[in-house]
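Asker: Quick one: this structure, given as structure tokens, is what I'll be asking you about.
The values are calculated or read from the model by the stated rules, or taken from the named source; none is laboratory data. Because the structure is predicted, anything quoted here is derived from the model rather than measured. No Cβ is skipped: glycine too gets one built from the backbone with ideal geometry, and neighbour counts run over all protein chains shown.
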Amino acid sequence: MSDTDIYIKIWTMNRRIISEKIIKTLLTLTLFFGSLFMCKINTFAMETDTLAPLRALTNVSGSSLLAVSKDGRPGAFENIMDAVNAASDGDMIVIFPGEYNESLDIRNKDIILLGLDKASCIIKYDTSVYSTPVLNGAAGLFCNLTFYGYKPKKPTVSRSNTEVVITPDNLDDYFSGYVIHIDDDFEYGRSIVFNNCNIISENNNCIGMGMRDHFSASFNNCYIRSVGVAGILYVHDPDTLTYAGTDMHLTFKDNIWENYGYPYVIFAKSINYMNRINLTFQGVTTYCYASAMDEVYVENNAYTGTDLRYVAAGITPILTPFYVMDTAKFSECIKSLRSGSASGFPGIYYITETASGSENDLPKIASPYYIQNPFNLSGTGWAGSNCYYLTNDSFGNTLEEMNVIR
């Protein structure tokens, strides 16, 4: 390793349960917000002791520092999960560049995972079944990492949940896994933060969340891409009274979203109308598609916004950038979007091709949001939901309904 200087910034975040000390590196010239002090570390010392320079910093807070490396660095773990098992709340795990094929279960600890370079610190796993997300978490801080849920190259058995009773025991038979899965009672009174991460899914939603009261989740400066059978985000409110409440916060700031596997960018489910989840979207640039085909949408969507088919027909204008793609077949268009060969402008790409001879018992709404409420009744919250409400800090987003009306 050359004698290159790394700047590491540490600051303190006060939490309801844990006072978390946060470390951030500028190896990739990434800045984090706010600091108490800055230290300059000469990486030449890392050649003799991987942990020595950073350990000096963590000693200030009394937390421990662990490292994970694929190249046999002294004192480092080879697998991330081994380091997680050895860590305690408040500890920091530094991840050196490499591909780590692991499904991480960190639902019972509040720790920090810091990658030295987002592009080369890759945590990936086969998420073709529900029980194997790349990360199963509930609290902590995750920086400079790529989370990649991939689909195996060999053919997989198609799944259908039609007329089947879904239980926790058979989820793997009918659903693939999220990349990031956050749904555990350990969330209560804590927070989880993702800074400068890539989250990429070839299967289920990129992020699947079940909220708890007194909990916040934040995704800052993240690139999130879905090319599987679902969208960017699936979220639901607490399903028990024990963790129900109104102090829940979900924030996305300075994100880029690409959603070419499913027409719904967000699937927001409300279970108990007495819950409240505060949504903040700020500077979220979105690329997604819509279609004239009923087959790609679901029935009983409680969404109360504009049907995009009226936009395509010139009946209802919207502020969201809208591109009509009437010269390409549906399959060809989706393939083009997934390969990144569209025009490159953010917004909604509307595909005009319709299937022939399709019949539907109920009308379907063409929308980037799937809103599910009890009894399929539209609510007074965001986009017709019962439990979700935009904060006044929601602005600067590609999709107009992510922006609060001032």
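Asker: Inspect all residues belonging to region 107-119 and state whether any of them is farther than 18 Å from Asn195 by Cα, crowded, with 19+ Cβ neighbours inside 10 Å and within 22 Å of the chain's Cα centre (by Cα).
Answerer: no
Asker: Further, regarding this structure: For Thr320, state whether it is crowded, with 18+ Cβ neighbours inside 10 Å and either within 22 Å of Ser378 (Cα to Cα) or not aliphatic (A, V, I, L, M) (or both).
Answerer: Taking the combined requirement at face value, the residue satisfies it.
Asker: Tell me the strands (runs of 3 or more DSSP E) entirely within region 311-406 that contain at least 3 residues that are in contact with a Ser or Thr (Cβ under 8 Å, 6 or more places away or on another chain) and modelled with pLDDT under 95.
Answerer: 322-325, 347-351
Asker: Is one or more of the residues making up region 282-304 in a strand (DSSP E or B), in contact with a Leu (Cβ under 9 Å, 6 or more places away or on another chain), farther than 29 Å from Phe194 by Cα and touching a residue at least 60 places away in the same chain (Cβ under 8 Å)? Step through it out loud before you land on a result.
Answerer: So in region 282-304, the residues in a strand (DSSP E or B) come out as 282, 285-291.
If we keep only those that are in contact with a Leu (Cβ under 9 Å, 6 or more places away or on another chain) too, we end up with 286-291.
With farther than 29 Å from Phe194 by Cα added as a condition, the list becomes 291.
Subsequent filtering for residues that are touching a residue at least 60 places away in the same chain (Cβ under 8 Å) retains 291.
Checked region 282-304: at least one residue is in a strand (DSSP E or B), in contact with a Leu (Cβ under 9 Å, 6 or more places away or on another chain), farther than 29 Å from Phe194 by Cα and touching a residue at least 60 places away in the same chain (Cβ under 8 Å).
Asker: Suppose we keep only residues that are touching a helix residue (DSSP H, G or I) at 6+ places or on another chain (Cβ under 7 Å) and of a type in the set (Val, Ile, Thr) within region 115-130. Which one would you say is modelled with the lowest pLDDT?
Answerer: Residue satisfying both the conditions and the ranking: Val129.
Asker: If you check every pair at least six apart or on different chains, which have Cβ atoms under 6 Å apart with a residue in region 105-128 that is of a type in the set (Phe, Trp, Tyr) first and a residue that is buried (at least 21 other Cβ atoms within 10 Å of the Cβ) second?
Answerer: Tyr125/Val134
Asker: Which residues, taken from region 261-294, are touching a His at 6+ places or on another chain (Cβ under 9 Å), among the hydroxyl-bearing types (Ser, Thr, Tyr) and either more than 21 Å from Leu319 (Cα to Cα) or buried (at least 24 other Cβ atoms within 10 Å of the Cβ) (or both)?
Answerer: Scanning region 261-294 gives a single hit, Ser270.
Asker: How do the pairs read when you match residues in region 253-270 that are closer than 18 Å to Asn221 by Cα with residues anywhere that are part of a loop (DSSP other than H, G, I, E, B) and among the polar types (S, T, N, Q), using Cβ under 7 Å and keeping only pairs 6 or more apart or on different chains?
Answerer: So the pair list comes out as Asp254/Asn221.
Asker: Any chance region 137-144 includes a residue that's touching a His at 6+ places or on another chain (Cβ under 8 Å) and free of Cβ contacts under 8 Å to residues at least 60 places away in the same chain?
Answerer: Yes, the conditions are met somewhere in region 137-144.
A quick yes/no check of all residues on (1) modelled with pLDDT under 95; (2) touching a strand residue (DSSP E or B) at 6+ places or on another chain (Cβ under 7 Å); (3) of a type in the set (Gly, Ala, Ser):
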{"residue": "Leu233", "(1), (2), (3)": "no, yes, no"}
{"residue": "Thr240", "(1), (2), (3)": "yes, no, no"}
{"residue": "Tyr243", "(1), (2), (3)": "no, no, no"}
{"residue": "Thr246", "(1), (2), (3)": "no, no, no"}
{"residue": "Thr251", "(1), (2), (3)": "no, yes, no"}
{"residue": "Tyr262", "(1), (2), (3)": "yes, yes, no"}
{"residue": "Val265", "(1), (2), (3)": "no, yes, no"}
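Asker: Separate question: I need the full set of residues from region 233-280 which are among the basic types (Lys, Arg) and in a strand (DSSP E or B), in order please. First the steps, then the outcome.
Answerer: We begin by selecting, within region 233-280, every residue among the basic types (Lys, Arg); these are 253, 269, 276.
Lys253, Lys269, listed by residue number.
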